[in-house]
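Some notes on the structure that comes next.
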Amino acid sequence: MPDRSLELLKGTLDVLILKTLSWGPMHGYGVSRWIRERTGEAFTIEEGALYPALRRLEKKGLLEARWGETDTGREAKFYRLTDDGRDTLRTEVRTWSRYVEAMSAVLHSSQPAG
Amino acid sequence: MNPPRTRVTGTRPDVSGRPIEEDVSQELTFHLDMRAQELIDAGWDPMSAREEARRVFGDMKSVNDECVEVTRSRDRAIKRAHRLDAFQRDLKYAARSLLRSPGFAAVAIVTLALGIGANSAIFSIVNTVLLRPLPYPDADRLVRVHELNRRGRPMNVPWANFVDWREQARAFDALGAFNTTVTTVLGGDRPARARVSGVSREFFQVFGLAPVVGRTTLPEEHVEGADPSVLVSHAFWEAELGGTQDLSGRTLRVAGLNARIVGVMPRGFGFPSGTDVWFPAEIFPQTPSRSAHNYRVVGRIREDVTPARARDDMNGVAVRLSQSYPGDADAVGATLETLQEELAGPVRRPLLLLLGAAGFVLLVACSNLASTLLARGTARQRELAIRASLGAARMRIIRQLFTESLLLSLLGALAGLVLAGIAIRTLVVLGPSAVPRLDELGLDRWVLLFTLVVSVMTAVLFGLFPALRLSEAQVGDALRSGSRGSSDEGSRSAWKLLVSAEVALALVLLIGSGLLIRSFWTVMAVDPGFDPRGVGTVALNLPGTEYPDDSNVVAYYDDLLARVARVPEVGTVGLTTVLPLTGVGANGMIEVEGRDELGMGFYRVVSGGYFKAMGIPLIRGRTFEDRDDVSVSDVILVNETLADRLWPGEDALGKRMSVPGMDAYSDPARGLSPEGWPYNRLATVIGVVADVKHASLTGDPLPEYYFHYKQRPARATSAVAVVKTAGDPAGLVPTLRSVVRQVDPQVPAAYGTMAQYVGRSVGDRRFTMALLSVFAAVALVLSAVGIYGVVSYSVARRTREIGIRMALGAEPGGVRWVVLRDAMGMVVVGLALGLAGAVAATRLLQNLLFEVSATDLPTFVGVAGLLAVVALMATWIPVRRTTGIDPMITMQAE
């Protein structure tokens, strides 16, 4: 189904951002590109939606932001996971894994015997 | 997830340092640029790449706005956290600073505790008595209804009028009539003296309370001749009926009836006056007279009617009635007041006065602390100057100084609440009976809220001014001129003002309490007309069922008086129906033989020994003797006031009079009076006795007449035996108790002493006087401490100056005189202000005073003198230290 893109579930973007930043500090564009590439462009999101999400996470204290320079010498705003952010990511990952396992178990099960 | 403030503490709100809008737009622009570049790298032409980048980005404007909004709210949260943080730091700093000078902190907290505690305690009384609604549903709609006489005074209500009111008044959900008496109740676990109230049909509806056990009386029980049924109070039920749930078959013998107990009212309900037993008033025939003011009336105003309209409605009904019965009805109208107003009425003024006095104490405490803080602040000026030079804004320093004051004030309030709690517990025990609802007294949330508000206001009052003044200190000056701050002069004049204010406030309080104390002495010095020393009292109630006839009653008292007289310690024993200072008793018309116009007098029934036991002098004639019984014609004693009124300039002895309608000893042969009363038998005056204060020590003597119990026993089923002894009458109680039991164990008795009744009659006066005096004493001590503190400090500050003066040859005496003159200057200004204030303030005391003018010169002069002496002493102690100053040492010290 090449034309059917997945709608992003509510709250999923936050987890994706946290996961992306777990590799290290990154600017908004970097986060957006990383998500796009890693998900095989499966999710259709308006790229702009990323930025309010980033700032909300910053407000919650899960991210820290700082202006810095990119490799090419351009000024960009970099985000970094805080300790709280890391903790939250761990929790979210566990939740997601359980969710996915449970769903998979149901969706892939064969017809019950008898 | 953690709240933001714990996370971002210490970081600047705007991390980038740039304005939020710029921060957002730069970030978004960067994204679009990078995205376009990515597309160009993938082979797009630059134009289309830009467009594509914008397309996949979505709505630029809404993203931008949302980012700005989120960031703003984050900034706000951070700022809030910072403020809270700063306050916590200030608080810590304040606590440390107080701990560094524990002596100062302790004195300040005690000072504040006294000031705030006084206010909390008085407020809790005011709140309970004047503000808190009565414990009934929608209590604000409960009213007392009175008839008005021609002079506009409220009167009780005749039953016949009440019945018409109930039918005609439209403004009420219910109207209830009641009257009340203390009498004997049999049928409980033991004979009991209990307050018994006859109440009309809708009495309980007025209060909106349901019984906790059983039911209220039914309408069919509120008719003449119905089987009597009664309700009892919760307290009576527990004490006398063992709190049993099963009331079936339980009866009480009360008011000459055998009554079924049908219900128990909820705990705490005892209207009126702590009633234990309520019976339907309608079971007895009620007089049709419209001038027999025997009932009091309560009502519940309808929800949709204002009290003013209810009053108009009631007055209209009353006016119509008085027009319908012009011969009989003597009321000209009716009025009402809320039940709360009625209960609190007599204590309202003293309570508000005490609240004002407590406020004064707090003001004294505030001036005291303000001057101490100024003094401390001057010493701390270097510290403050250094802080300022290190970049602390003035606002910051003010805030920090004020936080110290607030901390002190809150600690003071806490200690004050402890004091108030103790005071309240004491008041509940010792409080005068006239203050209603003292049993409900306590530190509830309103008192706590009041205390919090007061303590914050207090902090503003004593802390803000010093904080403003001290923060003014010019940084450079303070550092340059060494320990002496540049604002020293300014502070000194501020101190003077504060000390003068303290003295003035204390003087007003002292004069107020001085006037009350003088009044109290005057009242206590009033000759009551009897001698309370060594007089014990035994209040007796003969149960009507056991003593149905006059002869039973006479026999009982004959036996009792004879047996008591045989007790060795007893000097004299007597009997009276109305004990002085416990109430005025019944009054009514007097018919003098051969005259048309009627007199008025108060009715008492006594024994012959009564006058001797009470030390009431016999002026003329003789008192009663055993032979004055039913076998001879009636005899009577009158007091001087009555004798003067009825027979001015004549000898009362041998005159004859009767009291129509007052008792059941009528003379059928004489027919009825024009008013419809049966004429009583004429009684011959055999003696004149001295006046006695019956209503109160401060009232005028009443016209009174006395019958002998042997001739009026029906009026004497409730009476008090008085016993004169050389020793302590309280010690006689066990003996008297056994005598009363021997004569008839069914008769309940209450024991007391005449001295107690005298004390109780001045209880309210003593209460106001004692509290005001405590407040005045606290104010006196506080202002003495204040003067002492300021003078000590000023001596310490001027040590160098004094040292120089002495080095230059000044005599220590001269130097001392300078300091003393300075200090006494403030005191004299304070005294002048205080005297002026007292003239204005004591006018409020006027109607609490007795034979003492509100501007009583001896009190004003004496109290001002006392305060001056105390101030002089408070000044002298520190001034004396100047003698010890060694010029060399003080000058080297700099």
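Can you check what the net charge comes to around B:Glu546, using other residues whose Cβ is under 11 Å from the Cβ of B:Glu546 (Lys, Arg +1; Asp, Glu -1)?
On the way: positive: B:Arg253; negative: B:Asp549, B:Asp744.
With Lys, Arg at +1 and Asp, Glu at -1, the neighbours total -1.
Within a 10 angstrom radius of the beta carbon, how do B:Glu221, B:Glu597, B:Glu801, B:Glu38 rank from fewest other beta carbons to most? Present the calculation step by step, with values, prior to reporting the outcome.
Working: B:Glu221 20, B:Glu597 6, B:Glu801 12, B:Glu38 16.
So the ranking, lowest neighbour count to highest, is B:Glu597, B:Glu801, B:Glu38, B:Glu221.
Enumerate the helices in chain B for which the Kyte-Doolittle hydropathy averages 0.5 or more and the C-alpha atoms extend at least 18 Å along the helix's axis, using complete DSSP H runs. Could you put the intermediate results ahead of the total?
Values: long enough: B:20-41 (32 Å, -0.44); B:60-100 (59 Å, -0.85); B:102-126 (35 Å, 1.84); B:307-324 (25 Å, -0.64); B:339-379 (57 Å, 1.00); B:394-430 (52 Å, 1.49); B:445-459 (21 Å, 1.81); B:488-525 (54 Å, 1.02); B:550-566 (24 Å, -0.05); B:763-797 (50 Å, 1.22); B:812-841 (42 Å, 1.39); B:857-880 (34 Å, 1.74).
Helix filter hits for chain B: B:102-126, B:339-379, B:394-430, B:445-459, B:488-525, B:763-797, B:812-841, B:857-880.
With viscosity set to 0.692 mPa s at 37 °C, what whole-number translational diffusion coefficient in µm²/s follows for region B:806-849 from Stokes-Einstein and a Kirkwood radius over Cα pairs?
Numbers: Rh = 13.2 Å.
It diffuses with D of about 249 µm²/s by this estimate.
Return A:Ser22, A:Ser97 ranked ascending by Cβ neighbour count within 10 Å, so the fewest neighbours appear first.
With the fewest neighbours first, A:Ser22, A:Ser97 line up as A:Ser97, A:Ser22.
Would you mind ranking B:Val638, B:Val277, B:Val435 by Cβ crowding within 10 Å, fewest neighbours first? Don't skip to the end; give the middle numbers.
Working: B:Val638 29, B:Val277 25, B:Val435 22.
With the fewest neighbours first, B:Val638, B:Val277, B:Val435 line up as B:Val435, B:Val277, B:Val638.
Under a Cβ-Cβ cut-off of 14 Å, what is the net charge of the residues other than B:Ser519 that fall near it, where Lys and Arg count +1 and Asp and Glu count -1?
With Lys, Arg at +1 and Asp, Glu at -1, the net is 0.
For the protein assembly as shown, what is the largest minus smallest coordinate of the Cα atoms on each principal axis, given in angstrom and ordered from greatest to least?
Rounded to whole Å, the extents work out to 140, 116, 56 Å.
Scale the Cα Rg of region B:136-185 by the rule-of-thumb value 2.2 N^0.38 Å and send over the ratio, two decimals. Please report the intermediate quantities before stating the final value.
Values: Rg = 13.5 Å, N = 50, 2.2 N^0.38 = 9.7 Å.
In units of the globular-protein estimate, region B:136-185 measures up at 1.39.
If you average 1/r over every pair of different alpha-carbon atoms in chain B and take one over that average, what Kirkwood value in Å do you get?
Numbers: mean 1/r = 0.0292 Å⁻¹.
Computed over chain B, the radius equals 34.3 Å.
With charges only on Cβ, +1 for K and R and -1 for D and E, what is the dipole size of region B:20-121 about its Cα centre, in debye, rounded to 20? Mind dumping the intermediate values first?
Working: 15 positive and 17 negative charges, 260 e Å.
The calculation lands at about 1240 debye.
Would you compute, from DSSP H runs of 4+ residues alone, the mean residue ellipticity of chain B at 222 nm, taking -39500 (n - 2.57) per run and dividing by the full residue count, rounded to the nearest 500? Let's see the in-between values first.
Values: 26 runs with 452 residues, N = 894.
The helix-only estimate for chain B comes to -17000 deg cm²/dmol at 222 nm.
Under unit Cβ charges (Lys, Arg +1; Asp, Glu -1), what dipole magnitude, rounded to 20 debye, does the protein assembly as shown have relative to its Cα centre? Kindly include the intermediate steps, with their values, before the conclusion.
Values: 112 positive and 108 negative charges, 722 e Å.
That gives a dipole near 3460 debye.
Let me check the size of region A:33-114 from its C-alpha atoms; what are the radius of gyration and Dmax in Å?
Answer for region A:33-114, Rg first and Dmax second: 18.4, 68 Å.
Placing +1 at every Lys and Arg Cβ and -1 at every Asp and Glu Cβ, with all other atoms neutral, what dipole size does region A:11-114 have around its Cα centre, in debye to the nearest 20?
Roughly 160 debye for region A:11-114.
Read-outs throughout are calculated quantities, based only on the coordinates presented, and are distinct from any laboratory measurement. Keep in mind that what you see is a predicted model, and the values were worked out from it rather than measured. Heads up, the Cβs are rebuilt from the backbone with ideal geometry, glycines too, and the neighbour counts pull from every protein chain shown.
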